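Beneath this line is the structure, given in structure tokens, with notes to follow.
Please treat every number below as a calculation from the coordinates, not as lab data. All of these numbers come straight from a predicted model, not from anything done at the bench. Reconstructed Cβ throughout: ideal geometry from the backbone, glycine too, with neighbour counts over all protein chains shown.
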Amino acid sequence: MKVLVTGIDGYSGWPLALHLLSRGHEVVGIDNFVTRKRVAEVGSWSATPIPSFPNRQKAVREILGKELTFYKGDLTNYQFVHEVLEREKPDSVVHLAEQRSAPYSMIDVHHAVATQVQNLTGTLHLIYAIRDTCPTAHLVKMGTMGEYGTPNTDIPEGFFETEFHGRKDYLPFPRQAGSWYHWSKVFDSGDVMFASKIFGLAATDVMQGVIYGIRTPEITDHRLLTRFDFDETWGTALNRFIAQSVLGLPITAYGKGEQKRGFIALEDSMQSLRLAVEHPAKPGEYRVFNQFDAAYSVNQLAEITARVAHEFGLKPVIEHPPDPRVEAEQHYYNPIHEHLLALGYKRARDLEEVVREIFHDLLHFRRRLEAKRFVVMPTVQWRSVDSEPALHARLPPTAHPGASSPTTQGSEPTTEHPPA
Ligand SMILES: NC(=O)c1ccc[n+]([C@@H]2O[C@H](COP(=O)([O-])OP(=O)(O)OC[C@H]3O[C@@H](n4cnc5c(N)ncnc54)[C@H](O)[C@@H]3O)[C@@H](O)[C@H]2O)c1
């Protein structure tokens, strides 16, 4: 199959490309390198050094013996998107190219607007370009388990049977997102579902749990590593806990630490996305996969991190600063996840073993963490009129997300280097 991966330079796009290539698929990628720029905007970088994209392509050629076609450009430019799809006519489009940080979307009005405008625009452009150039292509759209929030009921896979005033229907399960970013994903889901209805789009909407890990079986060389974000804006709670342990800082488990979320290892997330690609939805079908393996509370993540840290001679303490987010600190959480199992999905990785692997890698790159140790502790507030001065002090004076968006490039495969 020919698969177009949007966001191929990102944390999950890169290992997905490697995984699909190793399974014999043809892979074409799009990216505008905005995550690299946005992480730099908050004063951070990936703990793992990430080569320029041309060097990534070279590594794939030399190590995997495969070719990777790449287009540098922005999904918010419709002409660019249309040209790439017209030329490549992929069988599947895996759409990962979105602003994916909840704290980033909560910094201020500019970051909230940029997140929603850019995420929704990119998705709508892909929907229309698929309709006009390759209408049978299957869209695999990356959503998030965060769309559902934490209702006091089980969470079905997208739809549920309901009865109201004596009448029954099968309806989308209510969404209760917890950040402007998560709401952008909810609106995306509505748009993809609607496109299936009106354009006959074949679509899989993946409610992705939080991904953990740096390695997959295809990452056999340091030139193939994917990024690992550990700062307060771009790093997940688990990533920050491990970075804090390596840096000798306290582990900051927000509030009571009873907030639960669904998690999945990077390798297993790649397996799930490949299964979705290889078993496409039918034309006009909109299906939803809840993609996670197990739910963990913030306290469980902190305790597992601290336990594994001890194996490496580190002795982090767990602290409970006030929760900067607006979220239930104690709640019921039981999402259902059966659709991927029906396609043959089998969990390969265990959280604790992956945490051990991450410690191993981060201790190797410790100096890169040390160089950015001031970005790990929390400053972005959900409630306040604006985020903490500490973060704004780190943002360049003119920085707002519009300024950090690159101008759109042409649709030729590029040899241009992204910023370091
Ligand atoms: N990482 C997780 O734990 C997680 C969990 C749930 C959902 N997701 C979703 O998965 C997707 C991928 O996440 P990720 O962690 O790989 O993020 P990432 O930021 O590392 O990767 C996204 C890539 O897309 C590119 N991009 C963003 N906007 C673009 C645009 N307008 N045009 C072209 N390229 C653009 C970025 O430069 C980046 O390389 C996102 O949609 C995210 O919301 C991720």
To make sure I understand, if each residue's beta carbon is the centre and we count other beta carbons within 10 Å, what order do Met270, Met1, Met193 fall in, fewest to most? Met1, Met193, Met270
Among DSSP beta bridges whose residues both lie in the chain, state the antiparallel percentage, nearest 5. 20
Quick note on Asp323, Asp132, ordering by fewest other C-beta atoms within 10 Å, gives Asp132, Asp323
At q = 0.22 Å⁻¹, what log₁₀ I(q)/I(0) does a Debye calculation on the Cα points of segment 18-90 give, no solvent, two decimals? -1.10
May I ask you to order 237-244, 177-184, 217-224, 52-59 by the average number of other C-beta atoms within 10 Å around their residues, highest value first? 237-244, 177-184, 52-59, 217-224
Selection from Tyr104, Gly65, Leu341 lying farthest towards where the dipole of the chain points positive, charges on Cβ: Gly65
Could you tell me the center-to-center distance, by alpha carbons, between segment 161-188 and segment 278-333 in angstrom? 22
Within a Cβ distance under 13 Å of Phe292, other residues only, what is the Lys/Arg minus Asp/Glu net charge? -1
Net charge of neighbours whose Cβ lies under 13 Å from the Cβ of Ser105, counting Lys and Arg as +1 and Asp and Glu as -1: +2
Any chance you could check the Cα centroid distance between segment 109-150 and segment 62-87 for me, in angstrom? 17
How big is the C-alpha Rg of segment 127-171 next to the rule-of-thumb value 2.2 N^0.38 Å, as a ratio? 1.73
Taking a quarter of the surface of the Cα convex hull of the chain, what do you get in nm²? 19.4
Let's see if you can work this out: charge +1 on each Lys and Arg Cβ, -1 on each Asp and Glu Cβ, no other charges. What is the dipole magnitude of the chain about its Cα centre, in debye to the nearest 20? 580
Checked against a 29 Å limit on the C-alpha separation, the offending pairs among Lys2/Lys72; Lys58/Lys282; Lys37/Lys315; Lys315/Lys372; Lys185/Lys346; Lys66/Lys346 are Lys58/Lys282; Lys37/Lys315
Highest to lowest packing among 250-263, 273-286, scored as the average C-beta count within 10 Å: 250-263, 273-286
